[in-house]
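This report refers to the structure that appears directly beneath it.
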Amino acid sequence: MAKELLEGNAAIAEAAIRAGVEAFFGYPITPQTEVLEHFSKRLPELGRVFLQAESEVASINMVYGAACAGARVMTSSSSPGVSLMQEGFSYIACSEVPAVVTNIMRGGPGLGNVQPAQSDYFQAVKSAGHGDFHMIVLAPANVQEAIDLMVLAFDLAEKYRTIVMFVADGSIGQMMEPAELPPMRPVRPPEERPSWALTGAKGREHNIITSLYLGAENMERVNLRLQAKLKEIAANEVRWKEYDTEDADLLLVAFGTVGRVCQTVVREGREKGLKVGLLRPITLWPFPSTRLGELAEQVRGMLVVEMNAGQMLEDVRLAVEGRCPVHFYGRLGGVIPLPDEILPELEKLDEECH
Amino acid sequence: MATLEIPADMELVYKYPESLTEAHTHYCPGCTHGIIHRLIAEVIDELGVREQTIGIAPVGCSVLAYYYFNMDFAEAAHGRAPAMATGIKRVSPDKVVFTYQGDGDLAAIGTAEIIHAANRGELFTTIFVNNAIYGMTGGQMAPTTLAGQVTTSSPTGRDVKIAGWPIRMAELIGLLPGAAYVTRQAVLDVLGIRRTKKAIKLAFQTQLAGLGFSMVEILSTCNTNWHMGPVEAMEWAKEHMVAYYPLGDTKMTDEVRALTQMK
């Protein structure tokens, strides 16, 4: 298929449609409303389910229900709305049903604003809800990657029967750039829904989907099973991209939009004679810790750049384990750091790490 | 289960419903959940839809209902059963879907979900068990606790100036255009139990006919947390609850009424 000029939010929705999403439940919130609007037009014309819910709380529980029924389903929101969904994330994770959620992050805390931000990293990666669990967290840096990761999101959700969060920020959601959509996958017919799903106990024992396990040892067994699955995901699904790292002795670490900005910083840094590379995590959970640990042995220092006060920074430091200095530069509240600001930080790192 | 040989000249008129499992319930002696479970099971058997039914259990005393009903079941977060039911029914329109919810679940934490599901005319059925108290957490004030009623969180009796008034859900939901059949019944005596079963059946028939949202509110007892014997609790509910929560239909569309006239 040829490249077309696509807006990020609409491309995300269309990619999900091409990936065979059967139902979307959501609530309008800037800067992701175009995702919902695209679904509201496209899903009914394809004979699939679109429903605007009364709240994000209802949206995620509709997703939970449809996922229990074995349908390929998703919702989409932005930071304050995602906070409202966290109860549902926890239930979905424990019940082990597949679901995909996108968070087109905006400035916070509180109502914040509608500018692009990355300040929900902790929420997505470390505290998705109550209890011991992680979501798989995918972070694209451009519209093409957003499309590709949406398709992957459904595959991972179903492969591991887990919740996958797709985090982008408002700038990826709102920008237009040329990208290629995948071919249309056929929708799975209802009679091919998984055997664990609630499809009616016809000629089999009744299926129960619950997250309630009374008794400490019972609940511990469930937790151990979930942890084993997370371990398997961590072993198999870490994704990242490297730029000019072969000979690098300085490393930028950044994800999403600012990861893309840092590609320019690498180019400009190289022009100034700095041997700088970039590692851009694509999965925020599982995190590319092993690779960062290796690079910590190679480089003199790292500069983490984020659109928050230093959240992924903690994971980088855990991966580096003190093997090299780790600096941080961040802008808050919806401000995007520009190459002109980042480059001096890189030069400072260069001077301080001999 | 022991099987009985039925003599050729006799007819089996009463049996253990197929729609119930043989698990022993955890409900307190005297609790009315067992009666209501059985009524639902009998109705599902009679309609012949067990193999296409999906139930949703609430958070509350009936949180483990999925062990007792012999059909596919999900367990919802507190109050969210109507949202889950919406998700299930929308992607599985050929299934029969019902939620089983208590008063805290439906009339406090899940008020938004039930009202909007009803208003959208979602094609599922809600069984709403109103016993005017939080049973599972040990007898706290519910949204349906009567004025003056003593609970562990209204130790001097519900003061409506502070806690507001007990909420009449059947009336509230009956006002919504998406609701096709809404009724309040009571399982406090044999007549009431029979009427409740009839109402449950009509609610499921409303769903099967695709006529809109259906809900049966059922006045019931919690003798444990009311600190009464089972019989005394039934009498108390008849005297006090029925006075505030009048029995009968709060919504019946003409199409639903036509169902009652079909044989």
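Side notes on the structure shown:
- Some residue of the stretch A:213-233 being of a type outside the set (Ser, Thr, Tyr), out of contact with any helix residue (DSSP H, G or I) (no Cβ under 8 Å at 6 or more places or on another chain) and outside any helix (DSSP H, G or I): yes
- Residue within the stretch A:163-175 that is among the aromatic types (Phe, Trp, Tyr) and over 27 Å from A:Val304 (Cα atoms) present: no
- Selection count where residues are within 19 Å of B:Val129 (Cβ to Cβ) and not small (Gly, Ala, Ser), scope the stretch B:11-43: 18
- Residue count for the stretch B:203-220, restricted to those that are under 13 Å from the mean Cα position of the chain (by Cα) and in a helix (DSSP H, G or I): 2
- Considering only residues in the stretch B:111-122 that are buried (at least 24 other Cβ atoms within 10 Å of the Cβ) and among the aliphatic types (A, V, I, L, M), the one that is nearest to the other protein chains (Cβ to nearest Cβ) turns out to be B:Ala117.
- Unique residue being more than 16 Å from B:Asn119 (Cα to Cα), modelled with pLDDT of 95 or more and in a strand (DSSP E or B) when the list is B:Arg184, B:Arg194: B:Arg184
- Subset of the stretch A:122-146 (residues that are small (Gly, Ala, Ser) and within 22 Å of A:Val316 (Cβ to Cβ)): A:Ala124, A:Ser127, A:Ala128, A:Ala139, A:Ala141
- Of the residues making up the stretch B:130-174, those that are buried (at least 23 other Cβ atoms within 10 Å of the Cβ) and in a strand (DSSP E or B) are B:Asn130, B:Tyr134.
- One residue from B:Ile6, B:Ile35, B:Ile54 being of a type in the set (Val, Ile, Thr) and more than 17 Å from the chain's Cα centre (by Cα): B:Ile6
- Within the stretch A:74-100, considering residues that are in a strand (DSSP E or B), aliphatic (A, V, I, L, M) and closer than 19 Å to A:Ile29 by Cα, the one nearest to the other protein chains (Cβ to nearest Cβ): A:Met74
- Residue within the stretch A:192-213 that is under 25 Å from the mean Cα position of the chain (by Cα) and either within 11 Å of chain B (Cβ to nearest Cβ) or buried (at least 17 other Cβ atoms within 10 Å of the Cβ) (or both) present: yes
- Residue match in the stretch A:88-97 (condition: under 13 Å from the mean Cα position of the chain (by Cα) and crowded, with 22+ Cβ neighbours inside 10 Å): no
- The residues of the stretch B:197-230 that are farther than 25 Å from B:Ala117 by Cα and touching a residue at least 12 places away in the same chain (Cβ under 8 Å), listed by number, are B:Thr221, B:Cys222, B:Asn223, B:Thr224, B:Asn225, B:Trp226, B:Gly229, B:Pro230.
- Pick from the stretch B:60-110, criterion more than 7 Å from chain A (Cβ to nearest Cβ) and part of a strand (DSSP E or B), ranking: nearest to A:Cys68 (Cα to Cα): B:Val97
- Number of residues in the stretch A:1-54 that are away from chain B (no Cβ under 12 Å) and hydrophobic (A, V, I, L, M, F, W, C): the value is 17.
- One residue stands out among those in the stretch A:1-16 that are within 18 Å of the chain's Cα centre (by Cα) and touching a residue at least 60 places away in the same chain (Cβ under 8 Å): the one that is surrounded by the most Cβ atoms within 10 Å (Cβ to Cβ), which is A:Ile12.
- No other residue among A:Leu250, A:Leu274, A:Leu279, A:Leu292 is assigned by TED's automatic domain parsing to the domain that holds A:Leu338, surrounded by fewer than 21 Cβ atoms within 10 Å (Cβ to Cβ) and not β-branched (Val, Ile, Thr) apart from A:Leu274.
- Here A:Cys353 qualifies as at pLDDT below 95, of a type outside the set (A, V, I, L, M) and closer than 24 Å to A:Glu246 by Cβ.
- Across the stretch A:116-139, the number of residues qualifying as buried (at least 18 other Cβ atoms within 10 Å of the Cβ), of a type outside the set (Gly, Ala, Ser) and part of a loop (DSSP other than H, G, I, E, B) comes to 5.
The values are calculated or read from the model by the stated rules, or taken from the named source; none is laboratory data. Predicted, not measured: the structure shown is a model, and the values here were computed from it. Using ideal geometry, Cβ is built from the backbone for each residue, glycine included, and neighbour counts are taken over all protein chains shown.
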